[in-house]
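*Asks:* So that we are looking at the same thing, I have put the structure below in structure tokens.
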Amino acid sequence: MAIAVAWLLFLQLVLEPTLVVDMRLQVIIKNFRDLHIDYPRVNYPVGFQGYCNGLMAYVRGKEQRLYCPNTHYVIHAPWTAIQKYCKYSESFCDNYNEYCTVTQDTFPLTICSLVTKQAPTSCRYNGTLTNQRLYLLCSRKYDAEPIGIIGFY
């Protein structure tokens, strides 16, 4: 019985931190997918006054933010098309302390930018739809998942 208790204690001390880190990473990946991938592109009702205003209402609700983010990027491509670029990330981005990669293909991307000179309680956005190569953060070096967009080219 004492051996079983010791073994159980050992497993909790060794495996629990790994499980917690893995669960946290899965949440980060899911948030990236929910907030930065919109494929096929959603059409918001006219009352939102444009795609970015509808999207940013969703983003603010999902992130539970009270303030208006200045910029948000949304990719209009299937998850698998983006995901494949993080399968082998040879580059390490010191500024982000994560592996990163640049896509070889261009992807449709909406850039939502906060409109300046408005009331502090108002969150109005302009949107720009473009095709760009993406600079992605990846969850690890090999067999990774995208977890962020650093920029575009």
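The values are calculated or read from the model by the stated rules, or taken from the named source; none is laboratory data. Quantities reported herein were computed from a predicted structural model and do not represent experimental measurements. Cβ coordinates were reconstructed from backbone atoms using ideal geometry, including for glycine residues, and neighbour counts include every protein chain displayed. SASA here: full protein model, heavy atoms, side chains in, ligands and nucleic acids out. Shrake-Rupley method; radii C 1.70, N 1.55, O 1.52, S 1.80 Å.
*Asks:* Suppose the filter is surrounded by 16 or more Cβ atoms within 10 Å (Cβ to Cβ), at pLDDT 95 or above and touching a Gly at 6+ places or on another chain (Cβ under 8 Å); does residue 147 pass it? Before the answer, list the steps.
*Replies:* Numbers: surrounded by 16 or more Cβ atoms within 10 Å (Cβ to Cβ): yes; at pLDDT 95 or above: yes; touching a Gly at 6+ places or on another chain (Cβ under 8 Å): no.
No, not satisfied.
*Asks:* Looking at this structure, is residue 81 modelled with pLDDT under 95, within 21 Å of residue 39 (Cα to Cα) and among the hydrophobic types (A, V, I, L, M, F, W, C)?
*Replies:* Working: modelled with pLDDT under 95: no; within 21 Å of residue 39 (Cα to Cα): yes; among the hydrophobic types (A, V, I, L, M, F, W, C): yes.
So residue 81 fails the test.
*Asks:* Give the residues of region 25-56 that are within 20 Å of residue 147 (Cα to Cα), among the β-branched types (Val, Ile, Thr) and out of contact with any Asp or Glu (no Cβ under 7 Å at 6 or more places or on another chain), sorted by residue number.
*Replies:* Once the filter is applied, which keeps residues that are within 20 Å of residue 147 (Cα to Cα), among the β-branched types (Val, Ile, Thr) and out of contact with any Asp or Glu (no Cβ under 7 Å at 6 or more places or on another chain), region 25-56 yields 27, 28, 37.
*Asks:* Here's a follow-up. Let me spell it out: the conditions are (1) within 17 Å of residue 150 (Cα to Cα); (2) among the aromatic types (Phe, Trp, Tyr); (3) open to solvent by 60 Å² or more (accessible area, probe 1.4 Å), and residue 73 meets all of them except one. Which number is the exception?
*Replies:* For residue 73, the exception is condition (3).
*Asks:* With respect to residue 59, is the statement that it is out of contact with any Asp or Glu (no Cβ under 8 Å at 6 or more places or on another chain) and open to solvent by 40 Å² or more (accessible area, probe 1.4 Å) true?
*Replies:* No; evaluated as a whole, the condition is false for this residue.
*Asks:* For region 39-153, which fully contained strands (runs of 3 or more DSSP E) count at least 1 residues that are without any contact (Cβ under 8 Å) to a residue 24 or more places away in the chain? Give the derivation first.
*Replies:* Numbers: elements: 71-75, 91-93, 98-102, 107-114, 125-132, 134-138, 146-152.
Ranges flagged: 91-93, 125-132, 146-152.
*Asks:* Now a separate question. Given the residues 33, 41, 24, which is the only one that is loosely packed, with under 12 Cβ neighbours inside 10 Å and under 18 Å from the mean Cα position of the chain (by Cα)?
*Replies:* Working: 33 fails: loosely packed, with under 12 Cβ neighbours inside 10 Å; 41 fails: loosely packed, with under 12 Cβ neighbours inside 10 Å.
Exactly one residue qualifies, and that residue is 24.
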